[in-house]
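Read-outs: derived from the displayed coordinates by stated rules, not from any lab. Here the structure is a predicted model, which is why all the values come from computation and not from measurement. Every residue, glycine as well, gets a Cβ built from its backbone with ideal geometry; the counts of neighbours run over all protein chains shown.
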Amino acid sequence: MIQYPNNKYINGQIRKSTPQYIYEDLIRKADRYFSKKKWRPAWAVYHKAQAILPTEKYPQDQIKTLNRLIQELEYNEILPNPRQPTKAEIAAAKAKRDSIETQFREEHPKEFKKIDKFQKKGKFNDARKVCMDLMMAYNDVGFLGELHKELTRAQVNKDANLHLVKKYKEWIKKADNYFKNKDYFRAKENYLYALNIKPKDEYAVKRIIKIESILKKRHLKEQRKAEKEQKRYFKNQK
């Protein structure tokens with residue numbers, strides 16, 4: 001079983017007082033909140049990062065996204081929390097929804113063909129626009145409202161996943177460059193950041209194990225060298 005190396009030693013090597021380091025540390029924390037869909041804590045930490053480096057565009061974009069997500073969250077929170085429906089009620093509600101959906105599909109085949117096509121391609125925002133046009137035309141917030149919310153959730157999940165994939169590639173690229181330049185401490189640090197996104201990523205784990213091996217050999221070599229110099233020193237003192 002692969003053992004994940006501890007990063008305490010690395011953390012001790014990094015200076016934490018520079019604005020750039022503090023900013024990056026806050027962004028990593030905010031990204032973790034974002035990946036777990038903890039919108040409010042993410043929003044607060046992105047604001048802190050923005051205060052450190054106000055010219056950075058990334059936290060500004062994330063805050064705009066989170067403003068929309070938090071607004072939707074607050075809307076859902078003010079709705080009453082009903083009792084859990086029975087199986088019969090769930091079945092009846094599903095049958096009613098299916099009936100309404102069938103009716104809408106029969107009356108608007110072109111629009112639903114577009115929605116299905118956009119959904120299949122992962123273009124949820126485009127599907128939402130078509131759905132919103134139908135909602136506005138028929139003033140329907142029942143079936144079409146639920147469909148719009150489903151498409152919104154799908155887009156949010158897609159955006160979150162794309163963001164994480166992008167960040168993972170950035171950390172790996174940084175780590176590989178540090179590794180190539182034999183800056184093993186920083187390389188290991190960035191591989192660990194990548195593991196925050198993909199905890200069982202085989203590539204990052206193997207790289208960290210290799211770095212641990214290199215650092216161990218380097219330490220033993222330096223230790224032997226120091227022992228030889230110490231022996232030489234005492235020999236010269238006689």
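For the cross-link pairs Lys37/Lys169; Lys57/Lys149; Lys57/Lys167, which exceed 25 Å when the distance is taken from alpha carbon to alpha carbon? Those over the limit are Lys57/Lys149. Listed by chain and number, the aspartates and glutamates whose C-alpha is less than 20 Å from the C-alpha of Lys48, apart from same-chain residues fewer than 8 away, are Glu24, Asp25, Asp31, Glu56, Asp61.
Only lysines eight or more places from Lys225 in sequence, or on another chain, were considered; those with a Cα closer than 21 Å are Lys182, Lys216, Lys217, Lys235, Lys238.
Against the longest alpha carbon principal axis of the chain, how many degrees, from 0 to 90 and to the nearest 10, is the axis of helix 57-77 turned? For 57-77 against the chain, the angle is about 40 degrees.
I'd like the orientation of helix 202-237 relative to the chain: the angle between its Cα long axis and the longest Cα principal axis, in ° from 0 to 90, rounded to 10. With rounding to tens, the tilt is 20 degrees.
Taking neighbour Cβ counts within 10 Å as the exposure measure, how do Ser35, Ser99 sort from fewest upward? Provide the component values of the computation, followed by the final result.
On the way: Ser35 16, Ser99 11.
Least to most surrounded, the residues fall as Ser99, Ser35.
Mean separation of Cα pairs under 8 Å and 6+ residues apart, divided by the residue count of the chain: what relative contact order is that in percent? Let's see the in-between values first.
Numbers: 152 pairs, mean separation 34.7, N = 238.
For the chain, the relative contact order is 15 percent.
Could you tell me which label, among (1) 21.3, 77; (2) 18.2, 53; (3) 27.0, 103, carries the value of Rg and Dmax of the Cα atoms in Å calculated for this structure? Step by step, Rg and Dmax of the Cα atoms in Å for this structure corresponds to label (3). Pairing the Cα long axis of helix 124-138 with the longest principal axis of the chain, what angle in degrees results, from 0 to 90 and rounded to the nearest 10? The two axes meet at around 20 degrees. Using 0.36 nm per residue and subtracting the Cα-Cα separation, the extra length available between Lys149 and Lys121 on full extension is 8.3 nm.
How would you rank Phe124, Phe112, going from fewest to most other Cβ atoms within 10 Å of each one's own Cβ? Numbers along the way, then the final one.
Values: Phe124 22, Phe112 19.
Exposure proxy ranking, most exposed first: Phe112, Phe124.
Of Lys158/Lys180; Lys38/Lys158; Lys29/Lys174; Lys64/Lys158, which sit over 23 Å apart, Cα to Cα? Can you show the working numbers first?
Working: Lys158/Lys180 33 Å; Lys38/Lys158 16 Å; Lys29/Lys174 18 Å; Lys64/Lys158 17 Å.
Beyond 23 Å: Lys158/Lys180.
Packing around the peptides 57-67, 187-197, taken as the average count of other Cβ atoms within 10 Å per residue, puts them in this order, highest first: 187-197, 57-67.
From the helices alone, meaning DSSP H stretches of at least four residues, give me the mean residue ellipticity at 222 nm for the chain, per-run term -39500 (n - 2.57), in deg cm²/dmol to the nearest 500. Spell out each step's value before the answer.
Working: 10 runs with 194 residues, N = 238.
Value at 222 nm, helices only: -28000 deg cm²/dmol.
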